[in-house]
Amino acid sequence: MEIEQHDIDRGEHAARGKKARTAIFDRDGVINRIVMRDGAPASPRNMEEFIIDPEAPAALGRLKAAGFRIYVASNQPDLARSNVAPEIIDAMTAAILAALPIEAVRICPHDDGDGCDCRKPRPGMLLGLARDFGFDLHGAFMIGDTWKDVHAGRAAGCATILLERDYNRGVVADFKAAALSAAIDLILADEDSRR
């Protein structure tokens, strides 16, 4: 049985149709800490490994206070590889929604070989969020920590921000930030320049 795309919605999309700016975040290495396995960055596979970045609540709170709509779009191929149970992904998503001002979390459960449209670097998750929640991706930001996040953001028409990590040197994005709070500073500076 093929796993369908997983989407959990907080139900706060009453702002549909408004001209609020939008920010879409990757999950692992951005919203929560990355896990290193055999020297390579990986997703957490249990709740003990799942640690929300300590600066995320304040950083995303600043963005929400500025009127931004905030979403998460994350590849989770460990679902297709049977390395993590769907219930664990649901628990991680619930933890994100409880701790952060995010409207919806969209998960791609597929692996590279599945050829889906939702797996980054393809823009399917971003396009689906824009369609389902009624926002324009032009002028939106995609914030991530891998080339796949940057490529998906560009393909969808977003400005891209790469959080600089040891494992992503050489990735080119529209902007680079050393930390999540610095990425929020960039977004808010851009917002101020548009006024």
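The values are calculated or read from the model by the stated rules, or taken from the named source; none is laboratory data. Values in this document were obtained by computation on a predicted structure and should not be read as measured data. Counting neighbours? That spans all protein chains shown, and the Cβs are built from the backbone with ideal geometry, glycine included.
Structural remarks
- Residue within the stretch 21-35 that is farther than 20 Å from residue 147 by Cα, among the basic types (Lys, Arg) and either touching a Gly at 6+ places or on another chain (Cβ under 7 Å) or modelled with pLDDT of 95 or more (or both) present: yes
- Residue in the stretch 163-174 that is in contact (Cβ under 8 Å) with a residue 12 or more places away in the chain and assigned to a strand (DSSP E or B) present: yes
- Applying the condition of being in contact with a strand residue (DSSP E or B) (Cβ under 8 Å, 6 or more places away or on another chain) and in a loop (DSSP other than H, G, I, E, B) to the stretch 125-145 and asking which residue is modelled with the lowest pLDDT yields 139.
- Residue check for residue 122: modelled with pLDDT of 95 or more, of a type in the set (Lys, Arg) and either closer than 23 Å to residue 63 by Cβ or under 13 Å from the mean Cα position of the chain (by Cα) (or both): no
- Among the candidates 94, 177, 173, the residue that is closer than 15 Å to residue 31 by Cβ and in contact with a Leu (Cβ under 7 Å, 6 or more places away or on another chain) is uniquely 177.
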